[in-house]
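Novice: Encoded as structure tokens, here's the structure I'll be asking about.
Just so you know, all these numbers are worked out from the coordinates, no wet-lab data involved. All of these numbers come straight from a predicted model, not from anything done at the bench. Don't worry about glycine lacking a Cβ; one is built from the backbone with ideal geometry, like all the others, and counts go over all protein chains shown.
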Amino acid sequence: MREAFPYQSAPRFLIFDRDAKYGLEVPIAVRSMAIRPVRTSFQSPWQNGIAERWVESCRRDLLDHVIAFNERHLKRLLSDYVRYYHEDRTHLGLRKETPAGRVRSTDRGTVVSQARLGGLHHRYDRAA
């Protein structure tokens with residue numbers, strides 16, 4: 001853990017489930033690094049699935065196609081992906097809407113492509 005987050009770069013929170021393998025030592029070590037350990041709710045395995053689904057989407061949509069040059073580049077890529085995920089990527093669970101509530105264009109103009117994630121994905125709208 002200490003090697004994963006050198007030079008005070010640790011996150012504020014660390015989420016882990018209620019597996020007994022963590023024991024008492026891991027939460028103590030996490031707290032000593034000024035990270036707040038957050039455990040998933042008791043008997044709520046669905047919480048792990050939500051996080052795993054996001055990681056899988058990020059890997060499939062972005063990281064399988066791009067090589068990050070360094071940590072700074074990876075953080076920028078992930079920041080751009082989060083923006084894309086909320087503003088442009090449709091979700092079946094939201095009836096093919098976006099979490100940010102994208103407004104559909106009702107214009108009859110030509111279709112305009114807007115590159116996202118450096119051209120890896122696109123958003124299509126109609127020109128006014």
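Novice: How much length is gained if the chain between R36 and R104 is pulled fully straight, taking 0.36 nm per residue apart and subtracting their Cα-Cα distance, in nm to one decimal?
Specialist: Taking R36 through R104 to full extension adds about 20.4 nm, to one decimal.
Novice: Does the stretch 1-97 come out rounded, prolate or oblate by the C-alpha gyration tensor, with a ≥ b ≥ c the root eigenvalues, rounded set by a/c under 1.5 and, if not, prolate when a/b is larger than b/c and oblate if not?
Specialist: Oblate, because a/c is 1.5 or more while a/b does not exceed b/c.
Novice: Now a separate question. Among K21, K75, what is the fewest-to-most ranking by other Cβ atoms within 10 Å?
Specialist: Lowest to highest Cβ neighbour count: K21, K75.
Novice: Also: Output the antiparallel fraction of DSSP beta bridges having both residues in the chain, as a percent to the nearest 5.
Specialist: Antiparallel bridges make up about 65 percent of those DSSP assigns within the chain.
Novice: Where is the GNM fluctuation largest for the chain (alpha-carbon springs, 10 angstrom cutoff): S44, S57, S32?
Specialist: Of S44, S57, S32, the most mobile in the Gaussian network model is S32.
Novice: If you take the alpha carbon radius of gyration of the stretch 54-126 and divide it by 2.2 N^0.38 Å, what ratio comes out, to two decimals? Walk me through the numbers before you get to the answer.
Specialist: Details: Rg = 13.7 Å, N = 73, 2.2 N^0.38 = 11.2 Å.
Normalised Cα radius of gyration, the stretch 54-126: 1.22.
Novice: Is the stretch 1-44 best put as rounded, prolate or oblate by its Cα gyration tensor, with a ≥ b ≥ c the root eigenvalues, rounded for a/c under 1.5, and otherwise prolate when a/b is larger than b/c, oblate when not?
Specialist: prolate
Novice: Here's something else I'd like to know. Between D19 and L78, how high is the FRET efficiency from 1/(1 + (r/R0)^6) when r is the Cβ-Cβ distance and R₀ = 25 Å? Nearest 0.05.
Specialist: Details: r = 26 Å, r/R0 = 1.05.
The computed FRET efficiency comes out at 0.45.
Novice: How much length would be gained if the chain were fully extended between H91 and I67, taking 0.36 nm per residue of separation minus their Cα-Cα distance, in nm to one decimal?
Specialist: 6.1 nm
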